[in-house]
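Novice: Questions regarding the structure given below will be posed in turn.
Every number in this text was worked out from the coordinates using simple rules, so none of it is lab data. It should be emphasised that the depicted structure is a prediction, and the values quoted were computed from it without experimental measurement. Cβ atoms come from the backbone with ideal geometry, glycine included; neighbour counts cover every protein chain shown.
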Amino acid sequence: MDFNWLSTILFLPAAGAIVIALIKGKDEKLYKWLAAVFTAIPLALAIYLFVAFDRTAGGIQFEESYLWISPLNSYYHLGVDGLSLPLMLLTTFLGFLAVLISWKVTSRPREFFAWLLLLETSIIGVFVSLDLLLFFIMWEIEVIPMYFLISVWGSGRKGYSATKYVIYTLLGSAFMLAGILSLYFTTGSLSMVDIANGGLGMVQAAMPAAAIFWLLFIGFAVKLPMFPLHTWLPDAHTDAPTAVSVMLAGVLIKMGGYGMIRLCVSMFPSQAQEYAQILIILALIGIIYGAAVTLMQKDIKRMIAYSSISHMGYVLLGIFALGEVSLTGASLQMFSHGIVTGLLFAMAGLIIHNVEVRDLTKLGGLAKQIPIIMVVFVIAGLASLGLPTTSGFAAEFLVFLGSYTSNVVAHLNVYTIIAIIGVVLTAGYILWMLQQAFHGPVKKEFNKVKDADGLERFYMFALVAVIMLVGIYPAVLTDVFKVGIEPIVKLIGG
Amino acid sequence: MNLELFKPEITLAATAVLVILLDLFVQQKSITKYLSLAGIIVAGVFAALMSGSDGSALFNNMVAADSFAVFFKLLFLGIAFLVILGSSDYENKFANFKSEYYALILLSTLGMILMASATDLITIYVALELASVSLYVLVSLLKDKKSTEAAIKYLLLGAVASAVLLYGMALVFGSTGETQLTAITQAVQAAGINSPAFYVGVVLMIGGFGFKIAAVPFQMWVPDVYEGAPTTVTGYLSVGSKAAGFAVILRVFFSAFGMPFTMSHDWGIIFAVLAVVSMIVGNVAAIPQTNIKRMLGYSSIAQAGYLMVGLATFGVAMSSTMYAESGVLFFLVSYALTNLGAFIAIVIISDKINSDNIADYAGMGKRSPLMALALTLCLISLIGIPPAAGFMAKFYIFSLAAQNGLLWLVIIAAINSVISAYYYLRVVKVMWFNSAPSKEKVPSSVLPKVALAICCAGVLLLGIIPGLMMKLAELASRIFTA
């Protein structure tokens with residue numbers, strides 16, 4: 001490959017961050033336009049790569065590999081396969097929209113956009129790195145922008161939430177680091193490709209593979225988040241500024257699911273099978289418990305935040321059902337949850353910004369006053385509960401189909417039926433939320449509330465279009481995901 | 001005898017004497033500062049030129065001039081250079097003792113350099129005293145109540161530690177009849193010495209050196225001395241003294257106590273235990289601190305803990321071919337740059353706000369964004385978050401430890417890094433999120449800014465392309481594979 005596509009996509013946002021941080025002048029417009037340009041180009045390039053990706057050849061494409069740190073045998077190794085490409089595309093897409101969503105940020109805009117762009121680089125880095133050290137560095141760098149973004153531009157108990165987020169993440173990565181180091185010394189390699197292909201034939205008795213599996217898994221489970229490691233999520237999501245909630249729910253927690261598939265499942269297929277039972281049970285608890293807690297929420301953002309716990313339970317279920325269909329479903333669910341919850345957070349942010357009320361019990365009757373926001377919010381809500389023709393349906397259907405037919409664990413079909421109860425609960429809270437916010441008697445105090453303006457309509461409709469596209473024709477994504485997942489399923493032997 | 005190989009030391013000593021003499025005759029005191037800097041540069045050039053001369057020895061094998069010694073010569077000279085650059089504004093607090101300040105820094109650097117090159121118990125002790133006595137005086141140089149109290153504490157506890165060390169050396173000498181490191185090992189091997197007196201001697205020496213590197217339970221002096229000493233001296237102490245302690249431990253425990261493997265394994269485990277308590281005590285005690293110098297004092301205890309993970313690996317893996325010590329060397333370089341950067345930023349900031357309280361750093365991000373950014377970078381490096389050097393240093397040291405069966409230690413160390421994030425980030429939080437009491441900028445002359453810029457550039461460079469420095473560290477630690 002002559003041109004370093006992935007490096008360009010990876011570092012353009014970071015370059016933009018540096019330009020924004022250093023450029024002279026106090027014109028807020030300038031920062032915003034710069035941020036938009038430096039995220040739009042990676043999006044365009046990512047779309048190009050998505051189209052140019054050779055679906056028949058499969059494997060890792062657009063690879064770049066240079067020796068980086070010779071004493072550690074570490075390479076600057078980038079590449080995408082069918083699994084990471086859509087997630088990278090999603091990151092660039094939401095990264096661009098996050099800039100548009102933040103168009104009305106007025107407090108310290110220079111720093112805000114610099115951190116936001118840096119955040120995008122680190123998340124893209126997680127999805128495209130094929131070297132464990134590089135992967136871990138990208139995973140860790142993300143903490144700093146998040147800390148600043150939540151604690152400066154957040155709301156409510158922002159300092160508490162930001163610190164909690166950092167401590168949880170670092171604790172998870174402490175275990176992950178130990179896991180990566182043990183992988184490194186048992187295999188002598190930091191290359192994810194080599195380790196996945198070569199297997200752990202050299203594992204020594206001193207360090208059982210199961211221990212490495214769990215060390216890595218804890219790191220990813222914190223990020224996913226898996227019950228009972230989820231308690232950072234409602235705080236961070238609720239108190240973060242809108243664009244950051246979108247990034248957090250949209251792509252950041254997907255790093256956990258991606259890591260599980262890429263490292264835990266494909267490097268430790270037999271351990272994954274061995275522990276599938278317990279993990280699936282935890283997934284079920286997450287689905288039901290998350291949905292039940294969501295039903296209790298009154299704060300609009302907190303409600304969406306808790307719903308993420310439930311939805312990421314489906315991802316966990318799909319991953320550890322360990323079948324081709326279920327893994328494809330889990331990947332699609334990650335993508336779908338990214339756009340759907342991203343849209344929900346964007347809408348909630350818009351309501352909070354325009355109406356200046358975030359308590360659902362105090363909202364009501366807004367359907368008349370802000371019809372456009374209402375329509376989009378309803379679409380997002382229905383996608384979230386998995387209505388056919390939306391991406392949520394396609395994803396959840398594949399997960400349930402895959403897990404129902406999988407026989408990796410005894411009675412998985414029973415578990416699946418329990419999981420489906422979660423969908424009913426989801427319908428419950430989504431409909432309640434829509435009803436509370438938009439229906440009921442019209443309240444006079446909201447008469448002057450503004451509806452979405454041109455820019456807001458643009459990003460809303462962009463997200464709705466993608467939700468519909470994936471819902472009606474999921475093959476646009478599943479074809480690519482399958483290319484990435486087939487080799488992993490072969491490793492499992494299913 | 002080959003005095004050629006002793007040029008850097010001679011240059012340093014001569015510069016120190018010249019600085020004191022010149023002080024008597026010139027009015028323009030800043031000349032002594034530039035003279036010191038020039039002396040360091042010349043010594044550095046001499047040291048760099050020696051880099052090829054492996055295995056040479058001086059004074060009847062009492063001082064070595066190998067690549068390990070050269071590595072530390074350059075490190076200590078670099079530290080002294082940055083400290084002197086960073087003292088340009090701060091020196092006004094020393095009133096009439098400016099030249100003495102520079103001369104003492106040079107002398108103490110000389111002591112540290114000798115510590116890293118000494119290959120005989122006697123020279124080790126002499127070098128250690130040269131470094132320590134200069135430091136006692138430096139700590140007292142502010143001449144106020146706190147500074148004097150700190151110096152007295154440091155002196156008394158330091159004297160006890162020296163006595164313990166000397167007692168240990170005497171026991172080792174008594175059991176083996178040798179003071180030369182390599183001869184000790186030969187005596188141990190030949191006579192199969194395993195008397196309790198010998199082991200007590202080794203343990204006492206760990207205690208004596210443990211004082212230098214501020215390992216728990218020999219850390220009592222740290223918070224008070226760090227708080228009371230002039231801030232530039234605190235910075236110098238926190239990196240120079242520690243690096244010298246580790247240099248001497250690496251050399252002594254490899255050359256004298258490296259064989260047989262049962263013994264090296266035993267002291268490896270001792271260091272592992274010390275590492276665990278140092279990390280836990282340092283990190284937990286740092287959390288409630290309100291004075292930034294005290295906090296960094298406890299943090300330096302914790303950092304010594306991470307470094308001792310490397311020592312433990314060194315002991316446990318003595319028989320294997322991996323370069324466990326190169327991790328320690330790399331960590332020392334990265335720690336020196338990071339901590340010096342932090343202290344120089346603190347020197348500049350506290351000069352303006354006249355306070356070392358963390359709460360008074362409020363709004364520094366608005367008052368002086370670049371200064372706050374530099375301090376933030378250093379703190380992030382101390383936590384060990386990429387892309388700063390601290391991450392690579394930890395990764396390197398931990399990866400070597402994990403490879404040699406110390407994964408439990410790595411997990412404890414990694415969790416400790418998480419605890420440390422809490423108190424380092426508190427400073428970051430105060431600087432960027434709290435509102436400033438005034439809008440005045442923090443002024444500074446050029447030289448401290450240059451020093452700070454060098455530190456920050458180094459921290460980023462080692463964090464992003466660490467390969468070269470790792471190579472150098474491996475080269476320097478090649479003497480341990482002989």
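Novice: Sort B:Val222, A:Val409, A:Val424 so that the residue with the fewest other Cβ atoms within 10 Å of its own Cβ comes first and the one with the most comes last. Numbers along the way, then the final one.
Specialist: On the way: B:Val222 26, A:Val409 19, A:Val424 10.
Final ranking by Cβ density, sparse to dense: A:Val424, A:Val409, B:Val222.
Novice: Separate question: In straight Cα distance, which aspartates and glutamates are under 18 Å from A:Lys362, not counting same-chain residues fewer than 8 positions off?
Specialist: A:Asp299, A:Glu445
Novice: Report the relative contact order of region B:260-482, percent, no decimals, based on alpha-carbon pairs under 8 angstrom and at least 6 residues apart.
Specialist: On the way: 329 pairs, mean separation 62.6, N = 223.
Over region B:260-482, the number comes to 28 percent.
Novice: State the percent of C-alpha pairs, over all pairs in chain A, separated by a distance greater than 36 angstrom.
Specialist: Details: 29608 of 121771 pairs.
Taking all Cα-Cα pairs of chain A, the fraction more than 36 Å apart is 24 percent.
Novice: For region A:23-69 and region B:367-399, write down the distance between their C-alpha centroids in whole Å.
Specialist: For region A:23-69 versus region B:367-399, the Cα centre distance is 27 Å.
Novice: To the nearest 0.05, what FRET efficiency results for B:Lys439 and A:Ala36 with a Förster distance of 45 Å applied to their C-beta separation? Write down the numbers at each step before the final one.
Specialist: Details: r = 32 Å, r/R0 = 0.70.
That gives a FRET efficiency of 0.90.
Novice: Among the lysines, select those whose C-alpha is under 23 Å from the C-alpha of A:Lys26, and discard any that sit fewer than 8 residues away in the same chain.
Specialist: Partners found: A:Lys104, B:Lys366, B:Lys439, B:Lys441.
Novice: In percent, how large is the relative contact order of chain B, given Cα pairs closer than 8 Å and 6 or more residues apart? If you can, show how the numbers build up before the last one.
Specialist: Details: 818 pairs, mean separation 73.8, N = 482.
The value is 15 percent.
Novice: For region B:276-356, which chymotrypsin sites (Phe, Trp or Tyr not before Pro) are in a loop by DSSP, counting at most 16 other Cβ atoms within 10 Å? Can you show the working numbers first?
Specialist: On the way: sites: B:Tyr298, B:Tyr306, B:Phe314, B:Tyr323, B:Phe330, B:Phe331, B:Tyr335, B:Phe343; in loops: B:Tyr323.
Answer in residue order: no site qualifies.
Novice: What percentages, rounded to whole numbers, describe P(r) for region B:260-482 computed over all alpha carbon pairs with 10 Å bin width beginning at zero?
Specialist: That works out to 9, 33, 32, 18, 7, 1, 0, in percent per bin.
Novice: Going out from 0 in 10 Å bins, what whole percent of all Cα-Cα distances in the protein assembly as shown drops into each bin?
Specialist: In order of increasing distance, the bins hold 2, 12, 20, 22, 18, 13, 8, 4, 1, 0 percent.
Novice: Here is a follow-up. Given a cut-off of 16 Å, what percent of all Cα-Cα pairs of region B:95-138 lie beyond it?
Specialist: Values: 332 of 946 pairs.
In whole percent, the share of Cα-Cα pairs in region B:95-138 beyond 16 Å is 35.
Novice: Scan region A:398-494 for trypsin sites (Lys or Arg not before Pro) in coil per DSSP, keeping those whose Cβ has at most 16 other Cβ atoms within 10 Å, and list them by number. Display every interim value, and only then the final one.
Specialist: Working: sites: A:Lys443, A:Lys444, A:Lys448, A:Lys450, A:Arg457, A:Lys482, A:Lys490; in loops: A:Lys443, A:Lys448, A:Lys450.
Counting only loop positions with at most 16 other Cβ atoms within 10 Å, the trypsin sites (Lys or Arg not before Pro) in region A:398-494 are A:Lys448, A:Lys450.
Novice: Also, quick follow-up: Starting from region A:1-105, pick out the trypsin sites (Lys or Arg not before Pro) whose DSSP state is loop and whose Cβ has at most 15 other Cβ atoms within 10 Å. Working shown, then result.
Specialist: Details: sites: A:Lys24, A:Lys26, A:Lys29, A:Lys32, A:Arg55, A:Lys104; in loops: A:Lys24, A:Lys26, A:Arg55.
For trypsin sites (Lys or Arg not before Pro) across region A:1-105 that sit outside H, G, I, E and B with at most 15 neighbouring Cβ atoms in 10 Å, the list reads A:Lys24, A:Lys26, A:Arg55.
Novice: Taking region A:270-494, how much of its Cα-Cα pair set, in percent, is spaced more than 27 angstrom apart?
Specialist: Of all Cα-Cα distances in region A:270-494, 35 percent exceed 27 Å.
Novice: Still on this structure, please answer the following. State, to one decimal in nm, how far the label point of A:Lys368 lies from the label point of A:Arg457, with both points 7 Å from Cα in the Cβ direction.
Specialist: Here the modelled spin labels are 2.3 nm apart.
Novice: Related question: Under 16 Å from the 7 Å Cα→Cβ point of A:Ala44, by amide nitrogen: which residues of region A:75-103?
Specialist: The answer is A:92-93, A:96-97.
Novice: Could I ask something else about it? Taking the alpha-carbon distance from A:Lys450 and a cut-off under 17 Å, which aspartates and glutamates remain once sequence neighbours fewer than 8 residues away in the same chain are dropped?
Specialist: Of all the aspartates and glutamates, those that pass the test against A:Lys450 - Cα under 17 Å, at least 8 places apart if same chain - are A:Glu356.
Novice: What distance in nm separates the two pseudo spin-label positions at B:Asn92 and A:Lys298, each 7 Å out from Cα along the beta-carbon direction?
Specialist: Each label point lies 7 Å from its Cα, and together they span 5.9 nm.
Novice: Between their Cα atoms, which of B:Lys29/B:Lys93; B:Lys153/B:Lys293; B:Lys73/B:Lys98 are more than 19 Å away from each other? Provide the component values of the computation, followed by the final result.
Specialist: Working: B:Lys29/B:Lys93 14 Å; B:Lys153/B:Lys293 17 Å; B:Lys73/B:Lys98 24 Å.
Cα-Cα > 19 Å for B:Lys73/B:Lys98; rest within.
Novice: Once Rh for chain B is found with the Kirkwood sum over Cα pairs, what is the Stokes-Einstein diffusion coefficient at 25 °C and 0.890 mPa s, in µm²/s?
Specialist: Values: Rh = 22.3 Å.
Answer, rounded: 110 µm²/s.
Novice: When the gyration tensor of region B:379-479 is built from Cα positions, what are the square roots of 5 times its three eigenvalues, in whole Å, from largest to smallest?
Specialist: Values: eigenvalues 201, 90, 13 Å².
For region B:379-479, the semi-axes come out at 32, 21, 8 Å.
Novice: Please report the orientation-averaged projected area of region A:1-154, defined via the convex hull of its C-alpha atoms, in nm².
Specialist: 9.7 nm²
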